[in-house]
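I have placed the structure first, in the form of structure tokens, so that the comments after it can refer back to it.
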Amino acid sequence: MSDLYHKLCRAVNDRFGTERKDIIEKREDKRSDYLKRRRELKAAKNRLNESMIIHGKGSDEYGRAKKQLTKAEKSFRTIERSYKKEDFKKTAEFVGMDLEEEEVLLFAVFGALLGFLLVIFGTSIVHLTVGLDMIDVLLWIIPLSLGVPLCILIFIANYPEILAERLKAKTIGSAPEAINYLTMSMRVTPSLHKAVLFSAENVEEPMSSGLSRTIWHVYLRKKSSLEESLMHLAIEWGEWNDDLKRALYVIRSSVLENTQEGLEATLQRANDIIITGTKQKIRDFANSLRTPTTVLFALGILLPLIIGAMLPMLTIGGLDMTSIYQETAAEGGGLSLTHVVLLMNVIIPLGAFAYSYKILINRPGTTSLPETRSDVRVPYWVPLSITLVGTIVIYLLRAQLDMFMPFAWIWAPVVGVSYYLLKDPWDAKKKRKEILELETEFPDALFQLGSRMAEGKSLEKAIEETSQSMKGSRVGDLFKKISNMMMLQRMPLEMVLFGRDGLLDHYPSRMVKASMKSVISASKKSPQDAGMIILQNAEYLKDMQEMESNIRSELSQSVEMMEATSMFFAPVVMGIIVALYSMLHGVFMDISGQSTIAPDHFTMVVVGYLLTMSAVITYFTVGIKYQSDPVEFKFKLGTVLLVCTAVLSGVAIMGRMFLVW
């Protein structure tokens, strides 16, 4: 989304804004003015010092010089704030956007204007379709025409800061991995330069770019040494991750250790600092979720359920909520379908999504799941074809379906969308499961490999024996392939794994690749020394896995109730509401003769609310548990849509059979 934001911002400014060269010229003019005011300030300070030395503090000359200095300081601070704009510059650099503040503000104004026009266009269509009176304009149109553009303006103008906050939170999860790779490399070769390169190559963003930037700052002579550049990164990122700063300080100090024991103790302390700190941050976030999840649960699920349960009773003339402003209510004006749709299908879901998005901005990052892609890609025309064919079949069988008609219309698009959402992730999740099993088994394989090398065995022999002892497991199969290629083709381990068509090309796991790179580097030492290094790395990997497992368990506990409610409890309640409304509609029509929302229309509104809220809750729960992983989100959403629709349809149909027919 950041790339799209950047492209749209540039496109709007190229079309409507000032040319970029003019913006740069203005910035240079501001720079000249800034330097001029800084010289004036310096001159005012010199005059004040001269007047104090020559005339004394109580003299008139000193008083005038002091007033001139105050005026120069005020003028300098004004131009300094306008010129530097450090906050936006730092934010834009951190998120990787080459944008000026003026460009972002113009894009925000353009988006707000577009939103205003869309609101006016939408309300015009509604007015031409169903008609709107003055109360509708006061209660709906004016707030929407003001609120929507304002929300768009605020979101677009602050998106770089929002993205920066999300990336900062993400560094909390990637920091332990980065520190682990730094210590792994330092243990093999105590070179800070090699360690930073190794970590930058294997850790995920944004830590990878941050570590790479420390090296480039040295190459470009912005920093005099890598130690200085790394300490600058520690101070800069330490503003939001103090544990990372302390761990980087410790790693920097490990270069000064003269003994292997001192180096090991220092590196161990760095790992302990970052793991302990990350655990505490995740625990604090999980505890802080109690209030936001309760609010989201109440406003996004319970309140709409209460409103939905009340809607059947609102069809009674005395409780008709439109009667407070409709002159025709007494003559039988029923509850407006437009109002129900706006409330249940637009306002509540959008509010719940905005609140969910706000919560997830501060969600500390965790190690991302392995990136896997499905070999089967579903074209967009497939779900559209399923929906179209289903709709045609339902239309042809409408006489036989009768009371099942509203649910049949719902199932046509739900099946098409769910097929699209489930088909792609199904294969990707299968591959991911294999990679996760390999990563789970990998520390144990490294323990065995390191133990055998510590006994004095060669790398080839240690890999062969490890593959035999772990026969039947995924890591055993991998080691078996490695052993066969090393012995039969006489290829070194590095060529087997990372050469052309290397074995690890088929295993998209950063952890496995980084660990095997460490094994390759360690194997250049004596078997005993290499074995001890591999054993220590295996122990750290095990600690990382335990930390990740504990983190995901704590975060999952925060949203389990919300998941169960949105998938099962809410559809059951909504199904009962649909059936109850169908019964009350006929009864109250006979009693009062009022024209109310048709049961089929009401059913569509309820299902629309249920599916949109299920999507919002799925977005929130997947974001909490899996850091908004797209594969997990698509698979979970496809499953939720099917289950919710099935539960609601079953309950509503059974309720109609018992209550109506």
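Here the average projected area of the convex hull drawn through the C-alpha atoms of segment 396-460 stands at 7.4 nm².
How far is helix 527-557 tilted off the main Cα axis of the chain, in degrees rounded to 10, range 0 to 90? It is inclined by approximately 20 degrees.
Rolling a 1.4 Å probe over the protein heavy atoms leaves MET310 with an accessible area of roughly 100 Å².
Overall, the accessible surface of the chain at a probe of 1.4 angstrom is composed of carbon and sulfur to the extent of 61 percent.
Selection among SER521, TRP409, GLY638 by position relative to the dipole of the chain gives SER521 as farthest towards the positive end (Cβ unit charges, Cα centre). Cα axis of helix 60-84 to longest principal axis of the chain: angle in degrees, 0 to 90, nearest 10? Compared with the principal axis, the helix lies near 60 degrees. Once the Cβ-Cβ distance of GLU236 and ARG64 is raised to the sixth power relative to R0 = 35 Å, the FRET efficiency obtained is 0.25. Between ILE361 and LYS71, the simple spin-label model (points 7 angstrom out along Cα→Cβ) gives 4.3 nm.
Its Kirkwood hydrodynamic radius, worked out from the mean inverse distance over all distinct Cα pairs, puts segment 88-227 at 18.9 Å.
Per residue, the accessible area of segment 44-128 comes to 66 Å², computed with a 1.4 Å probe over protein heavy atoms only. Where the alpha-carbon atoms of segment 442-487 are placed on the principal axes, they occupy 25, 23, 12 Å, in descending order.
Between MET657 and LEU105, the modelled label-to-label distance comes to 6.6 nm, taking each label 7 Å out from Cα in the direction of the beta carbon. Sorted on the mean count of surrounding Cβ atoms within 10 Å across their residues, most packed first, peptides 68-75, 119-126, 603-610, 199-206 read 603-610, 199-206, 68-75, 119-126. Computed on protein heavy atoms with a 1.4 Å probe, the accessible areas place ARG283, ARG452, ARG221 in the order ARG221, ARG283, ARG452, largest first. Karplus-derived 3J(HN,Hα) values for segment 92-103, using 6.51 cos²θ - 1.76 cosθ + 1.60 with θ = phi - 60°, are 4, 5, 5, 8, x, 10, 8, 10, 9, 4, 4, 5 Hz; glycine and proline are entered as x. Heavy-atom accessible surface of segment 175-256, averaged per residue, reaches 39 Å², computed with a 1.4 Å probe. Between 0 and 90 degrees, the angle of helix 192-202 with respect to the longest Cα principal axis of the chain falls at about 20 degrees. Its relative contact order, with pairs defined as Cα atoms under 8 Å and 6+ residues apart, puts segment 354-474 at 29 percent. Using the Cα centre of the chain as origin and beta-carbon charges of +1 (Lys, Arg) and -1 (Asp, Glu), tell me which of LEU493, GLN68, THR372 is placed farthest towards the positive end of the dipole. It is GLN68, whose Cα lies furthest towards the positive end. Modelled this way, with points 7 Å down the Cα-to-C-beta line, the labels at HIS127 and ASP505 are 6.3 nm from one another. SER224 contributes about 100 Å² of solvent-accessible surface, heavy atoms of the protein only, 1.4 Å probe.
The residues of segment 476-549 have, on average, 49 Å² of accessible surface per residue, using a 1.4 Å probe with all protein chains present. Among TYR619, TYR34, the sequence by solvent-accessible area, most first, with a 1.4 Å probe is TYR619, TYR34. What is the sum of charges around LYS279, taking Lys and Arg as +1, Asp and Glu as -1, for the other residues whose C-beta is under 13 Å from the C-beta of LYS279? Cβ neighbours under 13 Å give a net charge of -4. Compactness of the chain was expressed as the Cα radius of gyration divided by 2.2 N^0.38 Å, which yields 1.25. State to the nearest 20 debye the size of the charge dipole of the chain about its Cα centre, where the only charges are +1 on K and R beta carbons and -1 on D and E beta carbons. Charge dipole of the chain: 2180 debye, to the nearest 20. Listed values for segment 356-369 are Karplus-derived 3J(HN,Hα) couplings in whole Hz (6.51 cos²θ - 1.76 cosθ + 1.60, θ = phi - 60°), namely 4, 4, 5, 5, 5, 4, 8, 6, x, x, 10, 4, 5, 5, and x replaces Gly and Pro.
In this view, the solvent-accessible surface of ARG31, computed with a 1.4 Å probe and all protein chains in place, comes to about 110 Å².
The values are calculated or read from the model by the stated rules, or taken from the named source; none is laboratory data. The structure displayed is predicted, hence computed values, not measured ones. As a convention, Cβ positions derive from the backbone with ideal geometry for all residues, glycine included, and neighbour counts pool all protein chains shown. These accessible areas exclude ligands, DNA and RNA; they are computed on the full protein's heavy atoms, side chains included. Shrake-Rupley method; radii C 1.70, N 1.55, O 1.52, S 1.80 Å.
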